[in-house]
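Q: Sharing a structure, written as structure tokens. Questions coming.
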Amino acid sequence: MSAELLVCVRSVSKTYRREGTTVGALHDVSLEVGEREFVRLSGPSGSGKTTLLNLIAGLDRPDEGEVVVAGTDVARLPINHASRYRAKQVGIVFQAYNLIPQLTALENVLLPMVALGRGNHNRARELLDLVGLADRSDHNPFQLSGGEQQRVALARALITKPRVLLADEPTGDLDSRTADVIFELIARLHHDHQLTSLIATHNLAFARRCDRVMRLEQGRLQEVALAELPVE
């Protein structure tokens, strides 16, 4: 692990109320991720992967525990400061792309800069070129394939030069061949942009590209030795 600790989750628990029932998403979870580390987060659906990523992103708050990212106590951020924190520190990629259909690819990439009160069209074009979409910058999402939309989402995640990349099942809606392309792109961007990356995915081959594999099951987190991963 790198000398500098960048993401620190300490004794975090999170529950939700659903139809009058309390559902435990995370139970006393702790995680430390060093700068430039590449971590794969695994576990069955409903195990708490999305909840953990949302807490690190400042999209949700824990019931108990601390979430500290790059020295920022995310769990105690005022709501009106959370979007600025994400814009400066965290790039997020979702399974469902979350592109605005009325905007072009270029405009979607620029969106996170709104929280910072500025725009950088040149950087947005450079990122679209990096993900292989320089010639599609003026296309709307409905004119792009699923893989192309996810590449736009990757460019959007990097527009503000974040230190942390969070990806929640980024290939869950893609066929296996397109998924391989996206994973290769994520790995290259992680290295080239010196990111600290946490990727939630079921893809076993991708796990072997990571520095560590963490597994969530029933809201509890444990590390999986790379040597113990099953052979495909």
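The values are calculated or read from the model by the stated rules, or taken from the named source; none is laboratory data. All of these numbers come straight from a predicted model, not from anything done at the bench. Glycine also receives a Cβ, built like all others from the backbone with ideal geometry; neighbour counts cover every protein chain displayed.
Q: Checking Leu41 against (1) over 19 Å from the mean Cα position of the chain (by Cα); (2) aliphatic (A, V, I, L, M); (3) within 29 Å of Leu144 (Cβ to Cβ), which single condition isn't satisfied?
A: Result: Leu41 passes all but (1).
Q: Going through the stretch 185-224 one residue at a time, which ones are part of a strand (DSSP E or B), touching a residue at least 40 places away in the same chain (Cβ under 8 Å) and of a type outside the set (A, V, I, L, M)?
A: Thr196, Ser197, Arg212, Arg215, Glu217, Arg220
Q: Starting from residues that are small (Gly, Ala, Ser) and modelled with pLDDT of 90 or more, keep the ones in the stretch 187-214 and report whichever is farthest from the chain's Cα centre (by Cα).
A: Ala187
Q: Just wondering, is there one or more residues in the stretch 99-107 that are polar (S, T, N, Q), in a helix (DSSP H, G or I) and surrounded by fewer than 16 Cβ atoms within 10 Å (Cβ to Cβ)?
A: Checked the stretch 99-107: no residue is polar (S, T, N, Q), in a helix (DSSP H, G or I) and surrounded by fewer than 16 Cβ atoms within 10 Å (Cβ to Cβ).
Q: So which residues in the stretch 1-28 are more than 22 Å from Gly71 (Cβ to Cβ), at pLDDT 95 or above and surrounded by fewer than 16 Cβ atoms within 10 Å (Cβ to Cβ), if there are any at all?
A: Result: Ser13, Asp28.
Q: Then there is this: If Ser197 passes every condition in (1) crowded, with 23+ Cβ neighbours inside 10 Å; (2) of a type in the set (S, T, N, Q); (3) touching a Ser or Thr at 6+ places or on another chain (Cβ under 9 Å) but one, which one does it miss?
A: Of everything listed in (1) crowded, with 23+ Cβ neighbours inside 10 Å; (2) of a type in the set (S, T, N, Q); (3) touching a Ser or Thr at 6+ places or on another chain (Cβ under 9 Å), Ser197 misses just condition (3).
Q: Mind checking which residues of the stretch 48-92 are crowded, with 19+ Cβ neighbours inside 10 Å, farther than 20 Å from Arg118 by Cβ and at pLDDT below 90?
A: If the condition is that a residue be crowded, with 19+ Cβ neighbours inside 10 Å, farther than 20 Å from Arg118 by Cβ and at pLDDT below 90, then Ala75 is the only one that fits.
Q: Could you list all residues from the stretch 128-170 that are outside any loop (DSSP other than H, G, I, E, B), among the acidic types (Asp, Glu) and surrounded by fewer than 19 Cβ atoms within 10 Å (Cβ to Cβ)?
A: Selection gives Asp129, Asp135.
Q: How many residues, within the stretch 1-57, are among the aliphatic types (A, V, I, L, M), in contact with a Lys or Arg (Cβ under 9 Å, 6 or more places away or on another chain) and outside any loop (DSSP other than H, G, I, E, B)?
A: Matching residues across the stretch 1-57 total 12.
Q: Could you list, in sequence order, all residues of the stretch 164-201 that are under 24 Å from Ser45 (Cβ atoms) and of a type in the set (Asp, Glu)?
A: If the condition is that a residue be under 24 Å from Ser45 (Cβ atoms) and of a type in the set (Asp, Glu), then Asp168, Glu169, Asp173, Asp175, Asp180 are the ones that fit.
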